[in-house]
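K.L.:
I'd like to ask some things about the structure below.
Laboratory data are not the source of any read-out in this text; all were calculated from the coordinates shown. Worth saying up front: this structure is predicted, and the values here are computed from it rather than measured. Glycine also receives a Cβ, built like all others from the backbone with ideal geometry; neighbour counts cover every protein chain displayed.
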There are 4 protein chains.
Amino acid sequence: MQEVVRFEPRPEQYVWTFGGASPAMSIDPGTVLDLYTEDCFAGRVRSTADLVSQVCEFPFLNPQTGPFYINGSEPGDTLAIHFVSIEPARDWAVSSTVPLFGALTSTRTTATLQSPLPEITWIWEIDKDKRICRFHAKDSAFSHNFALEPMHGTVGVAPANLEVRSALVPDSHGGNLDTPEMRAGVTCYIGVNVPGALFSLGDGHARQGEGETCGVAVECAMNTKVVIELIKDVATPWPRLESDTHIMTTGSARPLEDAFRVAQHDMVLWLMELLGLSAMDAYQFASQAVTSPLANVCDTNYTSVAKVSKEYLRSAEIYRGVHSHLREISKNL
Amino acid sequence: MQEVVRFEPRPEQYVWTFGGASPAMSIDPGTVLDLYTEDCFAGRVRSTADLVSQVCEFPFLNPQTGPFYINGSEPGDTLAIHFVSIEPARDWAVSSTVPLFGALTSTRTTATLQSPLPEITWIWEIDKDKRICRFHAKDSAFSHNFALEPMHGTVGVAPANLEVRSALVPDSHGGNLDTPEMRAGVTCYIGVNVPGALFSLGDGHARQGEGETCGVAVECAMNTKVVIELIKDVATPWPRLESDTHIMTTGSARPLEDAFRVAQHDMVLWLMELLGLSAMDAYQFASQAVTSPLANVCDTNYTSVAKVSKEYLRSAEIYRGVHSHLREISKNL
Amino acid sequence: MQEVVRFEPRPEQYVWTFGGASPAMSIDPGTVLDLYTEDCFAGRVRSTADLVSQVCEFPFLNPQTGPFYINGSEPGDTLAIHFVSIEPARDWAVSSTVPLFGALTSTRTTATLQSPLPEITWIWEIDKDKRICRFHAKDSAFSHNFALEPMHGTVGVAPANLEVRSALVPDSHGGNLDTPEMRAGVTCYIGVNVPGALFSLGDGHARQGEGETCGVAVECAMNTKVVIELIKDVATPWPRLESDTHIMTTGSARPLEDAFRVAQHDMVLWLMELLGLSAMDAYQFASQAVTSPLANVCDTNYTSVAKVSKEYLRSAEIYRGVHSHLREISKNL
Amino acid sequence: MQEVVRFEPRPEQYVWTFGGASPAMSIDPGTVLDLYTEDCFAGRVRSTADLVSQVCEFPFLNPQTGPFYINGSEPGDTLAIHFVSIEPARDWAVSSTVPLFGALTSTRTTATLQSPLPEITWIWEIDKDKRICRFHAKDSAFSHNFALEPMHGTVGVAPANLEVRSALVPDSHGGNLDTPEMRAGVTCYIGVNVPGALFSLGDGHARQGEGETCGVAVECAMNTKVVIELIKDVATPWPRLESDTHIMTTGSARPLEDAFRVAQHDMVLWLMELLGLSAMDAYQFASQAVTSPLANVCDTNYTSVAKVSKEYLRSAEIYRGVHSHLREISKNL
């Protein structure tokens, strides 16, 4: 029977960065973590009267549950994080606009002289039984049910280069990737940069469009189970994902074409390895095989995903088969 | 019974631009066109020994079938192009690398001092009965079947602003959008810029990954049936698409985030109109509803698509219901 | 004695594109042209009450004087355009904001949901004797004299690839480069793409900051003398400039780093040729020698300039010495 | 008489980040620091046989001298750093290419499948008496004297948002701005993010072209005198500079147009304050007045500078006149 460790942080236990925080606890590879994660607003935006700029305290945004020191992990290894389940911890979620944040507004760096967009908060209802979340318009009577598709926006480890990064940043250490692909049933692979890896996660979304256009998804506290595994002596320069049906690479950079390049380049490298192809053959193969769902086009770096069906991969062994192994563990929980 | 006009251009009849060419013929709205389109290499790359830089003659790339003068169309109207069928005209297709073209190489404008990648041609087999196309690696014995998913890379009208654009360029007049969404069953809406619209199409792909990473899809001559309709007094600033299940917007620009912005912005405007939402409510709605499959990240402008399920749209009437109407015509052919 | 050809277009003679227009006249290399150019608003914005969006008629912006068919010029040659003098033709000039145009506003492609900036017209006084132009603030009593530094924003030839481009576009054919370096005493080199080259110019600026931040300079009709020379069998892929003291390259692209790359890359190539350096030595040399004044960060493509002092070049012969030759002709006029 | 504090770090005292390091010492505002700074390679590249990838140990690049805790400084204040003198500490300097780093090569994020450029080291001679530095080509007998124009690439404080950033990164906390404008006689203003500010500097350049095209300037250990002053209760969101003749703003972001926007936007804000102009008048004023010399187009963020002559500013008081004050102190040292 698998050990399951429950951790529900007290308010003062949340961390706001990748790197720079002491471990919440140490765990062995193979451990199942049963975690509570607070929403990206630290639970402070609770009604349409709560505006982010008024009730939140910068830089205390996007609280992370963790970090976890993974025993035995060292730079050059890869951490495998398998999502067993991601379940909303409340019957409501929240979205909003945040001044000078999002894809369809000027921002701090896409600086213009225009006035910011209005700041608005939307409260979404969540019905876990029916697996729906319900949108209510602010300016009309319109409302609509969306499918509940829970995911984590933020999953990462301590960065390389002696850095400490805000939990709002996505990069090669993971972090705020904000891809809807980070859902239950998926294994995420991230390279270890420091001893113990210092894994944490947060930023649950009841659902999110691709690109997170307005900068904020349907934000929700979550109860999430993950199994952590360690793949020794295998480096992973940029986060990758694996589901039962697809392999995926991610790139986080600006401008967006660089995020695309990183993800596609990493997919070419991966296909070379999995299929024994030359670089040019893998380039051709990926060019015709890949789907490219955007993750976020609003964060400090933008994130692009490259996705290839496992049908193309035949019997190639992926990360020593760890996804299947973790899937098995997951089923037996 | 619908009039069907067959047009198979003689070699000297192909055109290489949007705008600047005399109409191949004039047709009335409602006409079904049964067209032959040559591949993007003008049919000159026919074996792995044919290299684009040697057998093609710049700027005579991406031959267009057309243009068609649509009787009655004027600036401020919208042309609806419904794809009835797109069928490979050969049992082979071709892909390649082209020096200094593609997403994972330096280019003429992403200029570096590095050597170009090798120039390589791949010939793909096409089996129309089995609906597959087959990839053969150059540097190993690897081969693999992909689903045949025919589409047109290039669909457009004469541009605005007195311009003539190469058929290799995607922009607000359509052109080389290179999105896999341009498939049979889909209606494409493009704004008319000059009297007669001057519609043409070309660049058939047996299939294509999202982003067209290496710059070249599985290029194939096609026999394609389209029905053309005219929507008077409705402007369409950027190309849009409609299938039985989705509405889609496109943006073409550099950097890629601007292509994303254009498509998402246009989707927000469209949702405002279809659902009677305020701008901010439509922004929130789109942010949670949209999928964002990339089209191309290699052409003169990059193209991003925003896609929303019709399930979200209830009974909203889209472009006066022309898609359903054309779908009916299509079924009766 | 040098032949001087005066050409002052009648209103209906202006052209609005590069390519696609019949020559105003044919001239031999060596001809001195004495030209009148209208301002970018076709002279329609004449007081602070005239707003661009109201008094101008799109796409009839940025009128060009020309094009001139240069006898004997063919693709693969280079046109040398030496600016003898650029003199304001009026005692006033105009600047403005234009809705959704400029660097510090959202635009048609950097699309946001924000309201556009206010549309404002400023009339600048010009005192040719004192060589000043005077700014008057709209919202306060502030006014200030700036040095008169006349230049042409737009200089170009017919583009390659069968295209016709709006006069608002900068690219490898020149066009709307909007660099303050295009001043009297400078020779501009542009590659010929079509027989006769079809050179034209326009868009005089009484002065302009680097980057043309708000999108509009101090726009003024000009009387401009240029001498045209033809350099046979020398290709020039991107526009270059030469003054008595510097050589300059230009790149026009998006994003701005690509414009920078193009200009720097071309400077490396030029230094290799002029100094007999290897590519890597020229890269190192340019990296420490170059200044990089931005031209425009508002047009369809952005333009970056790379500039190297002739002190570094010793006795290297530049374009067969044509600048010195034209300088001599210029002095004798 | 001004207190002068000499600090020459021992090898183990260098720091590699902004933020995250304990202060080397505390000083009072008004202190003159006489500092030794090691070159960006930590002094390990000493001959053309030393290649960066072989002799340097990542992430131990760009050693910083500091950080200094400035007594009394708190978030919301501005630190003024006046450069009294910057003098090469050796009679040689070094430049190089670094694999996958620089503007004219693919990089880790502008990822391509091409081979990296060759890795080369150039040793430059420095003659402080003659104020020259001498370039020797690697592949030919060419050599050339350049003017010695010493500057600091890296000047900054601890960042906001709980972050620790590599010394290779430029951003709103300063850091690796790599602008040739950071020279003797200039005052740099940076906003304080944490108590004590934690100022450090490094990365001396004997000279540098604008854009630092190959990614590496003429790198040299320096002896540098700075005077530090504190401006209480004045915030400075992005680093600014002031010389006897100009005011300058900086922006660091990707893509490069965003760096440009940040700098120009901040210049508009500054001109509003200094000249009492409205936002739109200041936008117009800046658009015609500004020069825009690029700083770097190679680092993690690109840096753009906006520069306005003080002739335009009349008697406006800038940062309470601290530059003049520090200039006086500087002259009396």
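K.L.:
Report the far tail of the P(r) of chain A, meaning the percent of Cα-Cα pairs longer than 36 Å. Provide the component values of the computation, followed by the final result.
P.N.:
Values: 8726 of 55278 pairs.
Result: 16 percent of Cα pairs exceed 36 Å.
K.L.:
Taking the simple approach of a point 7 Å from Cα along Cα-to-Cβ for both A:Glu125 and B:Glu119, what is their distance in nm?
P.N.:
Once both label points are built, they end up 6.4 nm from each other.
K.L.:
Taking the Cα atoms of segment D:151-257 alone, what are Rg (to one decimal) and Dmax (as a whole number) in Å?
P.N.:
Final numbers for Rg and Dmax: 13.5, 40 Å.
K.L.:
If exposed means no more than 12 neighbouring beta carbons inside 10 Å and the site is in a DSSP loop, what's the longest run of chain C without any exposed GluC sites (Glu not before Pro)?
P.N.:
That would be C:58-316.
K.L.:
Quick one: dipole size for segment B:122-174, taken about the Cα centre, charges +1 on Lys/Arg Cβ and -1 on Asp/Glu Cβ, in debye to the nearest 20.
P.N.:
140 debye
K.L.:
B:Gly175's amide H: which non-local residues (gap 5+, or another chain) put their own amide H closer than 5 Å, with H modeled 1.01 Å from N in plane and none for Pro or chain starts?
P.N.:
Hits under the 5 Å cutoff: B:Val155, B:Gly156, B:Val157.
K.L.:
A further question on this structure: How big is the protein assembly as shown along each principal axis, measuring the range of its Cα positions in Å and listing the largest first?
P.N.:
In descending order, the Cα extents are 78, 75, 61 Å.
K.L.:
Averaged across C:289-300, how many Cβ atoms of other chains sit within 10 Å of each residue's Cβ atom?
P.N.:
Neighbouring Cβ atoms belonging to other protein chains average 5 per residue here.
K.L.:
Then there is this: Nearest 0.05, what FRET efficiency do A:Asp233 and B:Glu74 give at R0 = 51 Å with Cβ-Cβ as r?
P.N.:
0.15
K.L.:
Straight-line reach from C:Lys232: which aspartates and glutamates have a Cα under 19 Å away, not including same-chain ones fewer than 8 places off?
P.N.:
C:Asp28, C:Glu74, C:Asp77, C:Glu242, C:Glu273, C:Glu317
K.L.:
Kindly give Rg over Rh for segment C:240-321, based on alpha-carbon atoms, with the Kirkwood expression for the hydrodynamic radius.
P.N.:
Across segment C:240-321, the Cα-based Rg/Rh ratio is 0.98.
K.L.:
Right, another one. Just grab the label-to-label distance for B:Ser47 and A:Asp139, each label 7 Å out from Cα along the Cβ direction, in nm (one decimal).
P.N.:
Label at B:Ser47, label at A:Asp139, 6.4 nm between them.
K.L.:
Please compute the average number of Cβ atoms from other chains found within 10 Å of each residue's Cβ in peptide A:85-97.
P.N.:
Per-residue shielding by partner chains comes out at 1.
K.L.:
How shielded is C:59-68 by partner chains, expressed as the average number of their Cβ atoms within 10 Å of its Cβ atoms?
P.N.:
1
K.L.:
With +1 on each Lys and Arg Cβ and -1 on each Asp and Glu Cβ, and nothing else charged, work out how big the dipole of segment A:4-231 is about its Cα centre, in Debye to the nearest 20.
P.N.:
The calculated dipole for segment A:4-231 is roughly 320 debye.
K.L.:
Pairs to check: C:Lys310/D:Lys307; B:Lys310/B:Lys331; A:Lys130/B:Lys307. Give those whose C-alpha atoms are more than 23 Å from each other in this structure.
P.N.:
From C:Lys310/D:Lys307; B:Lys310/B:Lys331; A:Lys130/B:Lys307, over 23 Å: C:Lys310/D:Lys307; A:Lys130/B:Lys307.
K.L.:
Once the dipole of segment A:4-231 is set up with Lys and Arg at +1 and Asp and Glu at -1 on Cβ about the Cα centre, which of A:His205, A:Gly19, A:Leu51 lies farthest towards its positive end?
P.N.:
Selected residue: A:Leu51.
K.L.:
Ignoring everything except DSSP H segments at least 4 long, calculate the 222 nm mean residue ellipticity for chain B; use -39,500 (n - 2.57) per segment, divide by total residues, nearest 500.
P.N.:
On the way: 4 runs with 45 residues, N = 333.
Dividing the helical sum by the residues of chain B leaves -4000 deg cm²/dmol.
K.L.:
Okay, next question. If you put a point 7 Å past Cα along the Cβ direction, how far is that point for C:Pro59 from the same point in each other copy, in nm, smallest first?
P.N.:
1.4, 4.7, 4.9
K.L.:
So for segment A:1-122, Kirkwood radius off the Cα pairs, Stokes-Einstein at 4 °C and 1.567 mPa s: how many µm² s⁻¹?
P.N.:
The Stokes-Einstein estimate is 75 µm²/s.
K.L.:
Normalising by the residue count of segment B:240-331, find the relative contact order in percent from Cα pairs under 8 Å and 6+ residues apart. Walk me through the numbers before you get to the answer.
P.N.:
Details: 131 pairs, mean separation 30.6, N = 92.
Here the relative contact order equals 33 percent.
K.L.:
Between 0 and 90 degrees, rounded to the nearest ten: what's the tilt of helix B:322-331 against the longest Cα principal axis of chain B?
P.N.:
Relative to chain B, helix B:322-331 is tipped by roughly 60 degrees.
K.L.:
Once the Cβ-Cβ distance between A:Ile329 and B:Ser315 is put in as r, and R0 is 45 Å, what FRET efficiency do you end up with, to the nearest 0.05?
P.N.:
Numbers: r = 47 Å, r/R0 = 1.04.
My answer for the efficiency is 0.45.
K.L.:
Which residue in chain B puts its Cβ closest to the axis that rotates chain B onto chain D, and at what distance in whole Å?
P.N.:
Closest to the rotation axis on chain B: B:Gln114, 2.
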